[in-house]
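K.L.:
Dumping the structure here so I can ask a few things about it.
The values are calculated or read from the model by the stated rules, or taken from the named source; none is laboratory data. No experiment lies behind these values; they were computed from the predicted model shown. For neighbour counting, all protein chains shown are included, and Cβ atoms are generated from backbone atoms with ideal geometry for every residue, glycine included. Ligands, DNA and RNA are excluded from the accessible area calculation, which covers all protein heavy atoms including side chains. Shrake-Rupley method; radii C 1.70, N 1.55, O 1.52, S 1.80 Å.
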Amino acid sequence: LWRVLRTNRVWLVLALVLVPFWIYKLRDLALPYFWDELGVYGRASIYLHDHTLGLLPSHLPPELSRGHPLLLPFAFGALFRVFGATPFVAHVFMLLLATGLVVSVFWIARCHWNATVGLAAATLLTVHPLFLAQSTLLLLEVPLALACLWSMHAFSRKRYLLAGICLTLAVFVKEAALVLGLVRGMMLLVQWLRARPSLKSALAGILALLVPGLLYGLFLLIQKRQNGWYF
């Protein structure tokens, strides 16, 4: 009973952290698109909403895609088809993703350390100026952080299927996440030299690192065929 009460109390504290954050961000939900929202991601999402939804390079004009993967515009284009192509819809969904990031920071920090560290990390994130500014904007930083965070957590727990899926999502939000794969590869190599994992575990880790890169390489080959250039 004490464990249940204690766990519920921790989640209650997290809710008390989130409520002021939500109230503070309510004023931003109806704002028009701003900065890269207006110039890139909002325009790209609306274009996919108005035309053909897809993840291939040919689905967006190069001046909108700029050679990047299309997962974020595709997701919001699909969202717009259901709820309407308005800044309010985009900002509400981004606020949900930002909330998911805060909860994920708490959950993962609690798994690795304890609930106190998790609450402290989540609280610090909600008051960080950069996070506050971007938590409702249609930009890639929040979903990228969410995917990268879960990928790192899954790798640390040797849950390589989840790690590979999250890393793939991160790469197709922004290809810069490939750097995370390289770093995790070096870290895994050091761990394997120390611990000598089983062949099955080693192969699972290698696939979790290679598949996202191979899929992005396939995307570049398709881009070369459809647009005439890789980058």
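K.L.:
How many of the residues making up region 133-150 are open to solvent by less than 20 Å² (accessible area, probe 1.4 Å), closer than 20 Å to residue 74 by Cβ and of a type in the set (Gly, Ala, Ser)?
P.N.:
Of the residues in that region, 1 qualify.
K.L.:
Moving to a separate point now. Could you go through region 17-27 and let me know if any residue there is of a type in the set (Phe, Trp, Tyr) and either surrounded by 18 or more Cβ atoms within 10 Å (Cβ to Cβ) or without any contact (Cβ under 8 Å) to a residue 24 or more places away in the chain (or both).
P.N.:
Checked region 17-27: at least one residue is of a type in the set (Phe, Trp, Tyr) and either surrounded by 18 or more Cβ atoms within 10 Å (Cβ to Cβ) or without any contact (Cβ under 8 Å) to a residue 24 or more places away in the chain (or both).
K.L.:
Do we have any residue at all in region 31-43 that's open to solvent by less than 70 Å² (accessible area, probe 1.4 Å) and part of a loop (DSSP other than H, G, I, E, B)?
P.N.:
Yes, because at least one residue in region 31-43 is open to solvent by less than 70 Å² (accessible area, probe 1.4 Å) and part of a loop (DSSP other than H, G, I, E, B).
K.L.:
Let me ask something else. Could you grab me the full set of residues in region 74-107 that are more than 13 Å from the chain's Cα centre (by Cα), surrounded by 16 or more Cβ atoms within 10 Å (Cβ to Cβ) and over 24 Å from residue 24 (Cβ atoms)?
P.N.:
Passing the criteria: 74, 77, 80, 85.
K.L.:
Given 124, 162, 130, which one is over 14 Å from residue 180 (Cβ atoms) and modelled with pLDDT of 95 or more? Working first, answer last.
P.N.:
Details: 162 fails: modelled with pLDDT of 95 or more; 130 fails: modelled with pLDDT of 95 or more.
That would be 124, the only listed residue that is over 14 Å from residue 180 (Cβ atoms) and modelled with pLDDT of 95 or more.
K.L.:
Name the pairs: first residue in region 45-65 and free of Cβ contacts under 8 Å to residues at least 60 places away in the same chain and surrounded by 14 or more Cβ atoms within 10 Å (Cβ to Cβ), second residue outside any helix (DSSP H, G or I) and of a type in the set (Val, Ile, Thr), Cβ to Cβ under 9 Å, at least 6 apart or on different chains?
P.N.:
What qualifies is 59/52.
K.L.:
What pairs come up if the first residue lies in region 209-231 and is open to solvent by 90 Å² or more (accessible area, probe 1.4 Å), the second is among the charged types (D, E, K, R) and part of a helix (DSSP H, G or I), and their beta carbons are under 7 Å apart, counting only those six or more places apart or on different chains?
P.N.:
230/224
K.L.:
If I go through region 64-121 residue by residue, how many of them are in contact with a Ser or Thr (Cβ under 8 Å, 6 or more places away or on another chain) and at positive phi?
P.N.:
Adding up the residues that qualify gives 0.
K.L.:
For residues that are within 13 Å of the chain's Cα centre (by Cα), in a helix (DSSP H, G or I) and surrounded by fewer than 20 Cβ atoms within 10 Å (Cβ to Cβ), tally how many sit in region 170-201.
P.N.:
Going through region 170-201 one residue at a time, the tally reaches 2.
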